[in-house]
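The values are calculated or read from the model by the stated rules, or taken from the named source; none is laboratory data. Because the structure is predicted, anything quoted here is derived from the model rather than measured. Every residue, glycine among them, receives a Cβ derived from its backbone with ideal geometry; neighbour counts consider all protein chains shown. Note: accessible area is taken over every heavy atom of the protein model, side chains too, but ligands, DNA and RNA are not part of it. Shrake-Rupley method; radii C 1.70, N 1.55, O 1.52, S 1.80 Å.
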Amino acid sequence: MQGKHLKPFVFVILVMSVVSLACSLVTGGAPTTEDPPIQEPPVQEPPTPQPQIQEPPTEQPAPAEPQPVESGESGYIVFTDQNGLYSIEVPADWTYEQTVDTDTNYYYIDTFSSPDGGAVIENIVYDDGERFTGNQKGKFALYLLNTFYSATGKEGDIRVSDDKIMQDGSERLTWSSKSGGYSGLSFLELRSNGTTFLFFTVNWGDAVEDQYFDTLAYVIESYTIP
């Protein structure tokens, strides 16, 4: 008789176990209260330092060779003085050279020569820090003519046939070399500081005057102060 009384109780326990198992299967089990394991971050290797590339020192352009810029006139380039004192248009195929007074650094000369050497465009910039006064400007211009343009290297070879003040304030000297067989025009001007003297000259062989007259006239007309 006691066994008959226990069967319903065992049955109830069995049913509850089945239900509990089913719930576990549906819900995936009771949640755990344990903290998730802490994952250590991956150890990153420090970046390999890259060698720094040393840029080579920039070479300063020599003052003797300012870079010309193409002009609107075919066959000419615009040349600007290294100190911005003047600009001119010169034939692109003419040879450029600069002479510098390395002893005192008082002057430099920009020279453009035609391919056959028959004509020359040249400018002398002189500045020793002393102001020109009175008639010193005219005397200094004659000194430059006799020093740089005389065929003999002495006074008496250069003959000035005309001296004229131009509209821009410069002074033009028309001259020729008696023994050299060449002639020229020189324009002298003194800048506002009173110490900077510019002596701009074009000259040509008398035998090729017709060949270069128009070219030199164009260069003179192109002369501007930047």
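Over the stretch 161-221, accessible surface divided per residue gives 50 Å², non-protein components excluded, 1.4 Å probe. Summing Lys and Arg as +1 and Asp and Glu as -1 over all other residues whose Cβ lies under 14 Å from the Cβ of PRO226 gives a net charge of -1. Taking a quarter of the surface of the Cα convex hull of the stretch 103-226 gives a mean projected area of 8.5 nm².
With a simple spin-label model that places each label point 7 Å from the Cα along the Cα-to-Cβ direction, the separation between LYS178 and ALA151 comes to 1.1 nm. The apolar share of the surface of the stretch 69-226, taken as the fraction of accessible area on carbon and sulfur atoms (1.4 Å probe, ligands and nucleic acids excluded), comes to 47 percent. For the stretch 185-217, the residues whose amide N sits under 17 Å from a probe point set 7 Å from the Cα of GLN136 along the beta carbon direction are 189-199.
Other residues within the sphere of radius under 10 Å centred on the Cβ of ASN105, judged by their own Cβ, net out at -4 (K and R +1, D and E -1). Taking Lys and Arg as +1 and Asp and Glu as -1, the other residues whose beta-carbon sits under 15 Å from that of ASP163 total +2. What FRET efficiency would be calculated for the residue pair VAL208, ASP101, taking the C-beta separation as r and a Förster radius of 30 Å, to the nearest 0.05? Result of the calculation: an efficiency of 0.50.
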